[in-house]
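The values are calculated or read from the model by the stated rules, or taken from the named source; none is laboratory data. What you are looking at is a predicted structure, and each value in this text was computed from that prediction instead of being measured. As a convention, Cβ positions derive from the backbone with ideal geometry for all residues, glycine included, and neighbour counts pool all protein chains shown. Surface areas here come from the heavy atoms of the whole protein model, side chains and all, with no ligands, DNA or RNA. Shrake-Rupley method; radii C 1.70, N 1.55, O 1.52, S 1.80 Å.
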Amino acid sequence: MPSVPRTRTIAFSHLPLLCLLALAGYALAQAQTEPNAKPDQYFFVLLNRPANAPQLSKEAGEKLQAEHMANIRKLAAEHKLVIAGPFEEDTTLRGIFVFQADSAAQVQDWANSDPAIKAGRLSAEVHGPWLIDGSDIHPPATPEGMEQYTLVLMKRGDKWNPDAPEFMDAMKQHHAFVKQMMAQGALAIAGPFPFTDEGQLRGVAIFRVGAEQTATLVKDDPIVKAGLLKPEIHSWITGKGVLAPGQPMQ
């Protein structure tokens, strides 16, 4: 369940990819051991600030923020929302939600219940399923603690072409890179979106190290070096303990 800080208010409104073959193997192994179990599905939501977002007074903004945070706590208590957190930069990207759900339509409905979205201060951009290992997500360590991470949006590169003969070779090398990053403690969670998804966003990686170090590491990702994907790097915050430890808040 995502942590909601009490001592420090972080407002959304002011506010890598695992190889598909490996994930298919994981899902197959799960199905073989639990033949009647329904695989967990996760969906990634980008929270954006619309260009026409209404201006609010300080009092109205604080009230809306309190309602926004209360809704986050409610969705987490209902075991729908498993990760939430804001971006640190002041851009149109305000934060993310990660839901465990049956469908993108269900996620859109849950996201639209947010008071800030209802008020037009945020909009929800749903992607998924996000093909991640759910065991990388945990309940928060404390109700108030927060940690810093570097979130990388992996977008379609100039040479993105799943039908190209060399594509799967690059994906295999990329998978080895991801395993290496996990083993070294640099990466907290990562996963792609299905090839059938035609959007520009192809996957998301959340690194445990700072933005500068993340940028250096991502340059060595074979799938980035091949021009299949291009990384967009953002500083990001979430509840302490939800993912493998990140950087302490400064």
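Among the residues of segment 142-151, are any of a type outside the set (V, I, T) and closer than 19 Å to N48 by Cβ? Yes, because at least one residue in segment 142-151 is of a type outside the set (V, I, T) and closer than 19 Å to N48 by Cβ.
Conditions (1) touching a His at 6+ places or on another chain (Cβ under 8 Å); (2) basic (K, R); (3) at pLDDT 95 or above, marked per residue:
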{"site": "H127", "(1), (2), (3)": "no, no, yes"}
{"site": "I132", "(1), (2), (3)": "no, no, yes"}
{"site": "E144", "(1), (2), (3)": "no, no, no"}
{"site": "L153", "(1), (2), (3)": "yes, no, yes"}
{"site": "N161", "(1), (2), (3)": "no, no, no"}
{"site": "F177", "(1), (2), (3)": "no, no, yes"}
{"site": "L187", "(1), (2), (3)": "no, no, yes"}
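All of A170, A205, A183 fail the test of being of a type outside the set (K, R), crowded, with 17+ Cβ neighbours inside 10 Å and at pLDDT 95 or above, apart from A205. For beta carbons closer than 9 Å, sequence separation of 6+ or different chains, a first residue in segment 139-155 that is aliphatic (A, V, I, L, M) and a second that is open to solvent by 60 Å² or more (accessible area, probe 1.4 Å) and at pLDDT below 85, the qualifying pairs are M146/R8.
On the basis of being modelled with pLDDT of 95 or more, closer than 29 Å to E166 by Cα and surrounded by fewer than 21 Cβ atoms within 10 Å (Cβ to Cβ), does D197 make the cut? No, not satisfied.
Taken as a whole, the condition of being among the aliphatic types (A, V, I, L, M), modelled with pLDDT of 95 or more and buried (at least 24 other Cβ atoms within 10 Å of the Cβ) does not apply to A215. Put simply, of A190, A170, A183, A211 the only residue that is out of contact with any helix residue (DSSP H, G or I) (no Cβ under 7 Å at 6 or more places or on another chain), small (G, A, S) and over 17 Å from L93 (Cβ atoms) is A183. Report whether or not D109 is of a type in the set (D, E, K, R) and modelled with pLDDT of 95 or more. So D109 fits the description; yes. Taken residue by residue, segment 54-68 has no member that is at pLDDT below 90, within 19 Å of the chain's Cα centre (by Cα) and open to solvent by less than 40 Å² (accessible area, probe 1.4 Å).
For G95, state whether it is crowded, with 21+ Cβ neighbours inside 10 Å, at pLDDT below 95 and small (G, A, S). Spelling it out, it is not the case that G95 is crowded, with 21+ Cβ neighbours inside 10 Å, at pLDDT below 95 and small (G, A, S).
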